[in-house]
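In what follows, a single structure is set out as structure tokens and then discussed.
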Amino acid sequence: MVLGPPGAGKGTQCSLLARHYGVPHVSTGDLLRAAVSSGGETSVAVGRDMDAGNLLADEVVVAMVEERLAAEDASGGFVLDGFPRTVPQVQSLLEMVGPNGIDVAIDLRVPIDVATARLAKRRMAEGQERRRDDAEAVVARRLELHQAQAAPVADAFRRRGLLVDVDGLGAPEEVAERLLAVVEAARRER
Ligand code: AMP
């Protein structure tokens, strides 16, 4: 599982890790965006919260993750991206997967000014699907929420001996190598 602020490169790195291990990349942001575009009954409210950069209610996100992890393709493992983001979400996850269900929680670290600059670049990027929550004011809100929630979430994993910090600066391939080394070491220890 990969923690870290918006703009840390979680999406890119989790997708590389998932491909490497042949397991699904489970991103709550992607699941929520898919729910919004499928236009179900809660999609308007979910879309409104996401567009404002607010976190969705724990129950909503936890139910979604629970359903996704119960799918056949996740039975051999998964890479979690953007979840858990609150302490109640950590608790729900540990109940879901059991005490040995997580190999490692990686805190992908980048300074906030770098994350902000990367998100500004993503905002300007052509030929990429635009994310409405990459608007400047919303990015500030997302980063602020992250800063408020990140420490207690990281601490919950640190207390369980599962947290490893990884430097998120550098070329994506270099960061990917650091992540792989950490995951491999964690799996060897199990
Ligand atoms: P992300 O793609 O991970 O940056 O998530 C985009 C948006 O989806 C966030 O700004 C939140 O509005 C929502 N979201 C994603 N993951 C969670 C989560 N674990 N808990 C609550 N809201 C979430």
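Given the conditions (1) free of Cβ contacts under 8 Å to residues at least 60 places away in the same chain; (2) out of contact with any helix residue (DSSP H, G or I) (no Cβ under 7 Å at 6 or more places or on another chain); (3) part of a helix (DSSP H, G or I), and given that GLN149 satisfies all but one, which numbered condition is not satisfied?
(1)
State the number of residues belonging to region 168-180 that are under 20 Å from PHE78 (Cβ atoms) and free of Cβ contacts under 8 Å to residues at least 12 places away in the same chain.
Selection size over region 168-180: 0.
Pull out all pairs, ordered by first then second residue, where Cβ-Cβ is under 7 Å, the residues are six or more apart or on different chains, the first lies in region 60-76 and is more than 16 Å from the ligand (Cβ to nearest atom), and the second is part of a helix (DSSP H, G or I).
So the pair list comes out as ALA74/ARG68.
Kindly provide the set of residues from region 99-127 that are in a loop (DSSP other than H, G, I, E, B) and under 20 Å from PRO84 (Cα atoms), ordered by number. Can you show your working first?
Taking region 99-127 first, the residues in a loop (DSSP other than H, G, I, E, B) are 99-104, 110-111, 125-127.
If the condition is that a residue be in a loop (DSSP other than H, G, I, E, B) and under 20 Å from PRO84 (Cα atoms), then PRO99, ASN100, GLY101, ILE102, ASP103, VAL104, VAL110 are the ones that fit.
Can you work out which of the residues in region 1-57 that are part of a strand (DSSP E or B) and within 21 Å of PRO88 (Cβ to Cβ) is nearest to the ligand (Cβ to nearest atom)?
My answer is SER27.
Where a number appears in this text, it was derived from the coordinates with a stated rule and is not lab data. These numbers were taken from a predicted model, which means no experiment stands behind them. Counting neighbours? That spans all protein chains shown, and the Cβs are built from the backbone with ideal geometry, glycine included.
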